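Following: one structure in structure tokens, then a few remarks.
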Amino acid sequence: MDPQNGDLGYNKNNYYERECPNIAKQYDKEFKLHAVKQVIEQGKPAAQVSRELDIAQQTLSKWLKKYNEDQTEPFVGSGSLRSEDKAMKELEKKLRDLEEENAILKKAMGIFAKDLK
């Protein structure tokens, strides 16, 4: 492990593989970043990095594409949302709640208005 040379101690066995052999391998965020940075920062060819880390070159290409699209949050885990998407979902929920509350208040106003007549 030599961080100055870009070696963070990762090797081809640093991934989480499920027990079922037919299911694709899953890699953690740090492993993906390590692989991508070897290509981008160290200038290594993607084919070489994919061979060294025992990952498909197509997989590495997808990671590079995701990293280039959004370097602040390139690899969001499954079931997780980017911060902008999460904020948008929260605002949409708040809007639905307020619209529902508004509809209830309108119905209540109609009921009270009938009682006043």
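Could you say which residue among Lys107, Lys114 is at pLDDT 90 or above and either open to solvent by 60 Å² or more (accessible area, probe 1.4 Å) or in contact with a Pro (Cβ under 7 Å, 6 or more places away or on another chain) (or both)? Of Lys107, Lys114, the one residue that is at pLDDT 90 or above and either open to solvent by 60 Å² or more (accessible area, probe 1.4 Å) or in contact with a Pro (Cβ under 7 Å, 6 or more places away or on another chain) (or both) is Lys107.
For the range 44-63, the set of residues classified as within 19 Å of Glu30 (Cβ to Cβ) and touching a helix residue (DSSP H, G or I) at 6+ places or on another chain (Cβ under 6 Å) consists of Lys44, Ala46, Val49, Ser50, Leu53, Leu60, Trp63, listed by residue number.
Looking only at residues of the range 62-84 that are modelled with pLDDT under 75 and outside any loop (DSSP other than H, G, I, E, B), we find that the one that is farthest from the chain's Cα centre (by Cα) is Glu84.
The values are calculated or read from the model by the stated rules, or taken from the named source; none is laboratory data. The shown structure was predicted, so the numbers you read here are calculated from the model rather than taken from an experiment. Positions of Cβ are backbone-derived with ideal geometry, glycine not excepted, and every protein chain shown enters the neighbour counts. Just the protein is used for accessible areas: all its heavy atoms, side chains included, with ligands, DNA and RNA removed. Shrake-Rupley method; radii C 1.70, N 1.55, O 1.52, S 1.80 Å.
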